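Worksheet: one structure, shown below.
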Amino acid sequence: MKKRVFSGIQPTGNIHIGNYLGAIKQWVASQTEYDNIFCIVDLHAITVAQDPQQLRAGIRKLAGLLFAAGINLNQSALFVQSHIAAHSELAWILNCVTPMGWLERMTQFKEKAGQDRERASVGLFDYPALMAADILLYDTHLVPVGDDQKQHLELTRDVAQRFNRQYGDTFVVPKPIIPKIAARVMGLDDPAKKMSKSEAGKFHAVYLLDEPGVILKKVKRAATDSLRDIRFDESRPGVFNLLSIYQAFTGESQAAIEAKFAGKGYGDLKKELAEVIIEGLRPIQERYAQFAADPAQLDALLAQSAAKIRPLAADVLQRVQTRLGLG
Ligand code: ATP
Ligand code: LTN
């Protein structure tokens, strides 16, 4: 029996190379090894206000990008979270076994709510319970995510274990898979900050659909330092970030990359890095154009995939309801 993989991505903003290297690339690479379910988490997206038309367009765009990146429906499911009502139903149940204190510790909530916590939605606070529901609903063993989601995964495990203790063995307790390279791609303009979709800076992120000229310009502007030698040194976050992106795209070893750039300058590194990113994204961009041309087909693929896995979710929800004395 193959292990079950589940992961999700929000259909908001522009997908960047951090999302790609931290999550999507892993999803695509391990499709044959696992039994995969990938989810466009629109219910997570609405934890902050969204424009309805933009949200709908964002879902299609993300679906097109994921198919273009290589998600194959013969090996994986890809569906929209709100199309399977059991996600919301299980999230409610998990709300009732999750202590407030556990959610209050979540760093993502603290960052996203900012200073004005009173105005943040209850949904933003409760985001991790919905994420736990996504994962636990499919008896998931493994969850491939970027480093920033580690804390949410720990919470999911805690909630599953607490439920299992209180009501008897019900949930599989999942484990994260975090990539060894580029698990936390940093902003090109500020290597102290995670590359993020919600960051507005023009030179912050390389997006999956950026044109070659734009990619070159962004990489050339990337922050480095005043030293010269090109080495993987975590105390020099700008250069380390560029080298890690290079490594993740090429698959070469650190030693080979350091040897390649020995005696060269930051200008050379940036030129070669831009080239590697452009070539890495080119096939995705070409395939994306085909998917984007036929939105009705995208909708049909997402609907078929949801129909296929809906019974899995219904089974687990039924199991949970029985345990609780519901339904
Ligand atoms: P935002 O950046 O606006 O907070 P996000 O990109 O973190 O949003 P998602 O779209 O849900 O949120 O993330 C999808 C996947 O991409 C997750 O697995 C997440 O861990 C990963 N990811 C996000 N940013 C990075 C990054 N900078 N480096 C590596 N992985 C990342
Ligand atoms: N919170 C995740 C997105 C997400 C997710 C999931 C990831 C929602 N549900 C289930 C893995 C498994 C993020 O990346 N921001």
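One line per residue, one yes/no per condition, for (1) touching a Phe, Trp or Tyr at 6+ places or on another chain (Cβ under 7 Å); (2) more than 15 Å from ligand 2 (Cβ to nearest atom); (3) over 20 Å from Lys150 (Cβ atoms):
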{"residue": "Phe6", "(1), (2), (3)": "yes, no, no"}
{"residue": "Gln10", "(1), (2), (3)": "no, no, no"}
{"residue": "His16", "(1), (2), (3)": "yes, no, no"}
{"residue": "Asn19", "(1), (2), (3)": "no, no, no"}
{"residue": "Ile46", "(1), (2), (3)": "no, no, yes"}
{"residue": "Gln54", "(1), (2), (3)": "no, yes, yes"}
{"residue": "Ile59", "(1), (2), (3)": "no, no, yes"}
{"residue": "Gly64", "(1), (2), (3)": "yes, yes, yes"}
Is there any pair linking a residue in region 117-140 that is more than 28 Å from Lys308 (Cα to Cα) and within 13 Å of ligand 2 (Cβ to nearest atom) to one that is at pLDDT below 95 and open to solvent by less than 20 Å² (accessible area, probe 1.4 Å), with Cβ under 9 Å and at least six apart or on different chains, and which?
Leu124/Ala113
Pairs needed: first member in region 190-203, hydrophobic (A, V, I, L, M, F, W, C) and open to solvent by less than 30 Å² (accessible area, probe 1.4 Å); second member anywhere, within 6 Å of ligand 1 (Cβ to nearest atom) and part of a loop (DSSP other than H, G, I, E, B); C-beta distance under 8 Å; at least 6 residues apart or different chains.
Met195/Val185
Do you know which residues across region 116-129 are closer than 24 Å to Met195 by Cβ and either open to solvent by less than 20 Å² (accessible area, probe 1.4 Å) or among the aromatic types (Phe, Trp, Tyr) (or both)?
Leu124, Tyr127, Pro128
Condition test on Leu142, is it open to solvent by 20 Å² or more (accessible area, probe 1.4 Å), closer than 20 Å to Asp35 by Cα and within 14 Å of ligand 1 (Cβ to nearest atom)?
yes
Could you list all residues from region 115-131 that are within 13 Å of ligand 1 (Cβ to nearest atom) and over 15 Å from Ile93 (Cα atoms)?
Leu124
Checked region 145-174 for anything of a type in the set (Val, Ile, Thr) and open to solvent by 40 Å² or more (accessible area, probe 1.4 Å); matches are Val172, Val173
For Glu154, only one of the following conditions fails: (1) in contact (Cβ under 8 Å) with a residue 12 or more places away in the chain; (2) within 15 Å of ligand 2 (Cβ to nearest atom). What is its number?
(1)
Considering only region 281-304, I want to know if a residue exists there that is in contact with a Ser or Thr (Cβ under 9 Å, 6 or more places away or on another chain) and surrounded by 15 or more Cβ atoms within 10 Å (Cβ to Cβ).
no
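The values are calculated or read from the model by the stated rules, or taken from the named source; none is laboratory data. Keep in mind that this is a model prediction, so the values were computed, not measured. Cβ: placed from backbone, ideal geometry, glycine included. Neighbour counts: every protein chain shown. These area figures cover heavy atoms from the full protein model, side chains too; ligands, DNA and RNA do not enter into them. Shrake-Rupley method; radii C 1.70, N 1.55, O 1.52, S 1.80 Å.
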